[in-house]
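One structure is given below, encoded as C-alpha cells.
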C-alpha cells in the first residue's frame, strides 16, 4: 500500500462565498477555516495548500450567543510603555466588523508559513456586495 499524494498541478482551487447574516460567529469561522485548510477535500494533505478561497459577506450582521458582546475582550499592544489596549466584541463589531471574523478564522490555524498563506485567501466584507463576481463563487451554507 502506498499513500496517495496529489501533484501540485492536480490540486483544483475553487472560490466559495459564505453569507454570515444572522449566523453564529463561531460556526461561520469554523466552516471558513475548514475550507481554507482544505479539510473538506479527499486529497487533504496537512503540509500542502489544498484549500480554497473563502469570501464572507455581511460580517456586520453576525450573531453571538450569551454575553459575549460585553464580556469578550480583544487586546492588542501598541509597542509603547503602558500601550495595552482592550476593546469588547460589541465595540469591535461597530468599529471593524470584518476584523472580528478575520481574527476568529486566523486564530483557528497553527502558526507558520503555510497557515499564513492559507489565511491570505480569506476575504471578509461588512456589506452584501463583493468584487469577486468574475470568479463565479459557489454559495456555501453554514
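The values are calculated or read from the model by the stated rules, or taken from the named source; none is laboratory data. This is a predicted model, so every value here is computed, not measured. FYI the Cβ positions are ideal-geometry reconstructions off the backbone, even for glycines, and counts take in every protein chain you see.
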| message | Take the residues in the stretch 22-62 that are surrounded by fewer than 15 Cβ atoms within 10 Å (Cβ to Cβ) and touching a strand residue (DSSP E or B) at 6+ places or on another chain (Cβ under 8 Å); name whichever of them is nearest to residue 102 (Cα to Cα). | response | 24
| task | Filter the stretch 22-56 for residues that are more than 15 Å from the chain's Cα centre (by Cα) and either under 18 Å from residue 107 (Cα atoms) or in contact (Cβ under 8 Å) with a residue 24 or more places away in the chain (or both) and give the result. | result | 22, 43, 45, 46, 47, 48, 49, 50
| query | What are the residues in the stretch 76-128 that are surrounded by 14 or more Cβ atoms within 10 Å (Cβ to Cβ), part of a strand (DSSP E or B) and out of contact with any helix residue (DSSP H, G or I) (no Cβ under 7 Å at 6 or more places or on another chain), if any? | reply | 87, 123
| request: Please verify whether the stretch 54-65 includes one or more residues that are modelled with pLDDT of 95 or more, under 30 Å from residue 6 (Cα atoms) and in contact with a helix residue (DSSP H, G or I) (Cβ under 7 Å, 6 or more places away or on another chain). | output: yes
